[in-house]
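The values are calculated or read from the model by the stated rules, or taken from the named source; none is laboratory data. These numbers were taken from a predicted model, which means no experiment stands behind them. Counting neighbours? That spans all protein chains shown, and the Cβs are built from the backbone with ideal geometry, glycine included.
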Amino acid sequence: MAGAALAAVVLVGAFVVRDGPLFELLAYPGDYEDERLYGVITFVLAGIALGLIAVGTSMSIAVFVGTVLLVGYGNLGEQAARLWTDHDAAVVAVFCLVATVAAVAGQLVVLGTASPSFETVLPGVVFLAASGALLAALLRDVLLLYDDPIVMLSVGFLLWLLAELEPAIGTVEIAVALAVTIALGVVSYALETASIAGMLTGVLLGLVTIVLGGYGWFAVLIAFFAIGGLSTKFRYERKAELGVAEDNNGARGTGNVLGNAAVALVAVLGYAASSTSLLPVDLPPMLFLFAFTGSIATAMSDTLSSEIGSVFETPRLITTFEPVEPGTDGGITWQGEIAGIVGAAIVATISFALFPEVEAVGAAIIVAAGFVGMTVDSLLGATLEGSVLGNQGVNFLATLSGALICALLVLSFAVLG
């Protein structure tokens, strides 16, 4: 009742306040023309919707409160930051910091700071808050400013899922995970291998991978991001001359990052869920590990194949082997194919070194999965890309095929062995 009364007061205030310092602080750009705080109104309505979901489901009140405070105070922090800087990266950093602090505070108040388990719950609370802040900042970067309902509901559902997975992490571990992923994100942005949205996506993926999988999983993921990102710079001027260079000076955006890593993220979540009751069937964690490495091997193979192979002027269409122009979807070169196999071998070598489950046979399967996934990417490019699928859709289906091939081959060998 108290929450409903507060929401009603805020809604009335949003209609009444039409100018002055409070209006200046809370107004979105479009609010000035209408002289109404429509941004605040959509925020309150989104909060009410999320509250109804929390009441009717297993979503915890701590997650609900943390989400509302995260988006609300994050928005205020962003508005305040824009008063003293127009640097987008700085504004995003302020949003993430304020949103994380607000979400941590809100969750702790609900959970009770006087609880004997305070030190136990703090790392998990920080993980949820940071993950939500990164997702909110990412969505606000790629969506319109009035899309608070989408942002709030998306963040709420993410935190609900992560909370259900009950990640076991200590204070030192979450601090190191945040430091490592943020540092690598800043470096990728500084080197222009990722846009702001791409950086946020990479940091979020990295953080979730470390907490739910471990540093071995993160090493495989970051190897792809690092090598793949640097490969876009390989003879970039030559690629620009041929018209096959990545846009934005090679900086990877959200679509590119998710197209290549979405399947890997699902595998990490599946691995974490395999030790809980969330999965409808009982699947061994090893399958998710190989699905993860198979998808990353595919992404690495495809990226190196296209980035290195594209500088050669004699590609052939994979379906007919007829010569085609550089940059033609489905065009391959022998140099690119070799680079792709090397990329899969890099992922297999790292996996073999870090995971006891990945023996020699497992490493060979990862290479095979990467090659198959790379080939699927080329086949889809030659047949469906442009008419049915976009580039990111092709990347997603290719990495999915690599993940499935890798998991199924490992399962087959386990059954036969």
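Within the range 206-226, the presence of at least one residue that is modelled with pLDDT under 90 and touching a helix residue (DSSP H, G or I) at 6+ places or on another chain (Cβ under 9 Å) is confirmed.
Checked against the criterion of being crowded, with 17+ Cβ neighbours inside 10 Å, closer than 21 Å to residue 257 by Cα and of a type in the set (Ser, Thr, Tyr), the range 365-379 has at least one qualifying residue.
Quick grid of which residues meet (1) in contact with a His (Cβ under 8 Å, 6 or more places away or on another chain); (2) part of a loop (DSSP other than H, G, I, E, B); (3) within 15 Å of residue 46 (Cα to Cα):
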{"position": "64", "(1), (2), (3)": "no, no, yes"}
{"position": "67", "(1), (2), (3)": "no, no, yes"}
{"position": "77", "(1), (2), (3)": "no, no, no"}
{"position": "80", "(1), (2), (3)": "no, no, no"}
{"position": "84", "(1), (2), (3)": "no, yes, no"}
{"position": "94", "(1), (2), (3)": "no, no, no"}
{"position": "108", "(1), (2), (3)": "no, no, no"}
{"position": "138", "(1), (2), (3)": "no, no, no"}
{"position": "163", "(1), (2), (3)": "no, no, no"}
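The residues of the range 335-351 that are farther than 10 Å from residue 301 by Cβ and touching a residue at least 12 places away in the same chain (Cβ under 8 Å), listed by number, are 335, 348, 349, 350, 351.
Of everything in the range 67-90 that is among the acidic types (Asp, Glu) and out of contact with any Phe, Trp or Tyr (no Cβ under 8 Å at 6 or more places or on another chain), the residue that is surrounded by the most Cβ atoms within 10 Å (Cβ to Cβ) is 88. Taken together, the criteria place residue 179 among residues that are aliphatic (A, V, I, L, M) and over 30 Å from residue 279 (Cβ atoms).
You will find that of 173, 192, 119, the residue that is charged (D, E, K, R), assigned to a helix (DSSP H, G or I), farther than 23 Å from residue 77 by Cβ and modelled with pLDDT under 90 is 119 and no other. How many residues are crowded, with 24+ Cβ neighbours inside 10 Å and of a type in the set (Ser, Thr, Tyr) when one looks only at the range 380-417? Looking only at that region, the number is 1. Taking the criterion of being of a type in the set (Val, Ile, Thr) and in contact (Cβ under 8 Å) with a residue 24 or more places away in the chain, the residues of the range 151-205 that qualify are 151, 155, 169, 171, 174, 180, 181, 193, 196, 201, 203.
A single entry from 270, 255 fulfils the requirement of being under 18 Å from the mean Cα position of the chain (by Cα) and farther than 20 Å from residue 202 by Cβ: 270. Within the range 302-321, the set of residues being farther than 16 Å from residue 394 by Cβ and assigned to a loop (DSSP other than H, G, I, E, B) comprises 311, 312, 313, 314, 315, 320, 321. Set side by side, the residues 376, 347 differ, and just one is assigned by TED's automatic domain parsing to the domain that holds residue 318, of a type in the set (A, V, I, L, M) and more than 27 Å from residue 320 (Cα to Cα), which is 347. Mind listing whichever residues of the range 379-417 are of a type outside the set (Gly, Ala, Ser), in a helix (DSSP H, G or I) and either in contact with an Asp or Glu (Cβ under 6 Å, 6 or more places away or on another chain) or outside the structural domain of residue 323 (by TED's automatic domain parsing) (or both)? Once the filter is applied, which keeps residues that are of a type outside the set (Gly, Ala, Ser), in a helix (DSSP H, G or I) and either in contact with an Asp or Glu (Cβ under 6 Å, 6 or more places away or on another chain) or outside the structural domain of residue 323 (by TED's automatic domain parsing) (or both), the range 379-417 yields only 394.
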